[in-house]
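Written below as structure tokens is the structure these notes are about.
The values are calculated or read from the model by the stated rules, or taken from the named source; none is laboratory data. Keep in mind the model is a prediction, meaning the values are calculated, not measured. Ideal geometry is used to build each Cβ from the backbone, glycine not excepted, and the neighbour counts take in all protein chains shown. Only protein heavy atoms, including side chains, enter the accessible area calculation; ligands, DNA and RNA are left aside. Shrake-Rupley method; radii C 1.70, N 1.55, O 1.52, S 1.80 Å.
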Amino acid sequence: MVQLAVMVLVVEAAMAAAIMQSLLSPGSAPDRPPPRSLPVAKGFFPATARFYTDPHNPAAEWVRDHPRDRRAAAIRRQIAAQPQAAWFTETNESLVEERAHGLVRRAAAQGRLPVLVPYTIPLRDCEQLSSGGIGDVAAYQRWMDAFTRGIGDAPALVILEPDALAHMGCLKRRQRAERFEALSYAGQVLQRRAPRARVYYDAGNSGWQPARTMAERLRHAGADRYGDGIALNVSNFNETRDEVRYGRSVVQDLGRPGLGMVVDTSRNGAGPTRHHRFCDPPGRKLGTAPTTATGQPGVDAFLWVKHPGQADGCVAGAGIFVPGYAYRLTG
């Protein structure tokens, strides 16, 4: 607990400094230091921060059930042992509160930072491969209240509703307004009732929406008022440098230079396919392991948000762990 307290103090001190800085302009190369005269937002977390590894992540569960499988050693070492986000898709409010509380409590006991992904927005994925979500805005608000109660005053990193803003073309005008309302409420209640949670609104990826379009949607969803940053490349394969460049453009258009960003590097080790296939493309590799030591201004962390080995919906049903797919990612 002493280690956790020290980490939190460092984090809170860094936050005050970070929001006073400006963000690197999108025209600058992300892998080079910015000009000395240009102030930039520093990474929020100390480089020594460590993320929580859930012993029940999908890869770990499979390894425990198949210890003699020839692929088990590689999957255990390269995937199961890595920190990964916990996705919350269940619609039962009591269950989600209990699960969130248990997760943040276990992480705190180890002095680690948990990554949580609420993924229950109404009309999620517009009835496509990852369809689902809760019934309506009122139900989502109650669900978010329970999720936030589970976190309480514990340190946490929250990735808010992957694809919810990038994937809106399928929605009618009223449904779009309701989605903005739901996400704005989520950001506001997390800010107010989970004060040590760092909230990153999902902003799609560099191959999806123009930066200006995404910034406008983020603004309608309250990211400039209630968010601490944006999340990029969730469940996708784009190269990190492209996501960082895109993220800086989004933040600049949003007009909040103090916002940070996190990038999902779980499966981008080989970059995207030639035609940017998004559904279980072959030949992909694991990316940079989760870390807060990104070495890039304004980039708070590289994370494994998508669980490597979980199908996108093509090699198997969305969310199903496929050991062969996982093993190929380790090669």
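Of the numbered conditions (1) surrounded by fewer than 24 Cβ atoms within 10 Å (Cβ to Cβ); (2) in contact with a strand residue (DSSP E or B) (Cβ under 9 Å, 6 or more places away or on another chain), L190 satisfies every one except a single condition; which is it?
Failed condition: (1).
Which members of segment 276-314 meet the condition of being more than 20 Å from I75 (Cβ to Cβ), part of a loop (DSSP other than H, G, I, E, B) and touching a Pro at 6+ places or on another chain (Cβ under 8 Å)?
Of everything in segment 276-314, those that are more than 20 Å from I75 (Cβ to Cβ), part of a loop (DSSP other than H, G, I, E, B) and touching a Pro at 6+ places or on another chain (Cβ under 8 Å) turn out to be T292, Q296, P297.
Does segment 238-260 contain any residue that is within 19 Å of A86 (Cα to Cα), in contact (Cβ under 8 Å) with a residue 24 or more places away in the chain and charged (D, E, K, R)?
Of segment 238-260, the ones within 19 Å of A86 (Cα to Cα) are none.
Scanning segment 238-260, I find no residue that is within 19 Å of A86 (Cα to Cα), in contact (Cβ under 8 Å) with a residue 24 or more places away in the chain and charged (D, E, K, R), so the answer is no.
Would you pick out the residues in segment 113-131 that are charged (D, E, K, R) and surrounded by fewer than 19 Cβ atoms within 10 Å (Cβ to Cβ)?
Pass one, segment 113-131, residues charged (D, E, K, R): 124-125, 127.
The one that is charged (D, E, K, R) and surrounded by fewer than 19 Cβ atoms within 10 Å (Cβ to Cβ): E127.
Does E98 count as without any contact (Cβ under 8 Å) to a residue 40 or more places away in the chain and open to solvent by 30 Å² or more (accessible area, probe 1.4 Å)? Working first, answer last.
Details: without any contact (Cβ under 8 Å) to a residue 40 or more places away in the chain: no; open to solvent by 30 Å² or more (accessible area, probe 1.4 Å): yes.
No.
So in segment 49-76, with the set limited to residues that are basic (K, R) and in contact (Cβ under 8 Å) with a residue 24 or more places away in the chain, which one is least open to solvent (accessible area, probe 1.4 Å)?
Quick first cut of segment 49-76, residues basic (K, R) only: 50, 64, 68, 70-71, 76.
Now narrow it down to the ones that are in contact (Cβ under 8 Å) with a residue 24 or more places away in the chain: 50, 71.
Working: R50: 117, R71: 55 Å².
The selected residue is R71.
If V158 satisfies every condition in (1) within 29 Å of N268 (Cα to Cα); (2) assigned to a loop (DSSP other than H, G, I, E, B) but one, which is the exception?
Looking at each condition in turn, V158 falls short on (2).
Per-residue answers, yes or no, for (1) assigned to a helix (DSSP H, G or I); (2) among the small types (G, A, S):
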site	(1), (2)
L95	yes, no
H101	yes, no
G111	no, yes
I121	no, no
L129	no, no
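For L157, which of the numbered conditions (1) surrounded by 20 or more Cβ atoms within 10 Å (Cβ to Cβ); (2) modelled with pLDDT of 95 or more; (3) in contact with a helix residue (DSSP H, G or I) (Cβ under 7 Å, 6 or more places away or on another chain); (4) under 30 Å from R212 (Cβ atoms) fails to hold?
Answer for L157: the failing condition is (3).
Would you mind stating whether I134 is crowded, with 24+ Cβ neighbours inside 10 Å and part of a loop (DSSP other than H, G, I, E, B)?
no
Can you find, within segment 243-277, the residue that is least open to solvent (accessible area, probe 1.4 Å) among those that are touching a Ser or Thr at 6+ places or on another chain (Cβ under 8 Å) and more than 23 Å from F51 (Cβ to Cβ)?
R248
Any idea how many residues of segment 284-314 are more than 21 Å from R124 (Cβ to Cβ) and either open to solvent by 50 Å² or more (accessible area, probe 1.4 Å) or among the acidic types (D, E) (or both)?
Summing the residues that are more than 21 Å from R124 (Cβ to Cβ) and either open to solvent by 50 Å² or more (accessible area, probe 1.4 Å) or among the acidic types (D, E) (or both) in segment 284-314 gives 5.
How many residues are assigned to a helix (DSSP H, G or I), touching a Pro at 6+ places or on another chain (Cβ under 7 Å) and open to solvent by 20 Å² or more (accessible area, probe 1.4 Å) if we restrict to segment 138-154?
0
Among the residues of segment 203-216, count how many are on the phi < 0 side of the Ramachandran plot and open to solvent by less than 30 Å² (accessible area, probe 1.4 Å). Don't jump to the end; show me each part of the working.
Initial filter on segment 203-216 (on the phi < 0 side of the Ramachandran plot): 203, 205-216.
Right, trim to open to solvent by less than 30 Å² (accessible area, probe 1.4 Å) and you get 203, 205, 211, 214-215.
Looking only at that region, the number is 5.
Could you look through segment 317-331, keep only residues that are assigned to a loop (DSSP other than H, G, I, E, B) and in contact with a strand residue (DSSP E or B) (Cβ under 9 Å, 6 or more places away or on another chain), and pick out the one that is nearest to R284 (Cα to Cα)?
Here is the first cut: in segment 317-331, the ones assigned to a loop (DSSP other than H, G, I, E, B) are 317-320, 322, 331.
Still in the list and also in contact with a strand residue (DSSP E or B) (Cβ under 9 Å, 6 or more places away or on another chain): 318-320, 322.
Numbers: A318: 17, G319: 17, I320: 18, V322: 14 Å.
So the residue we want is V322.
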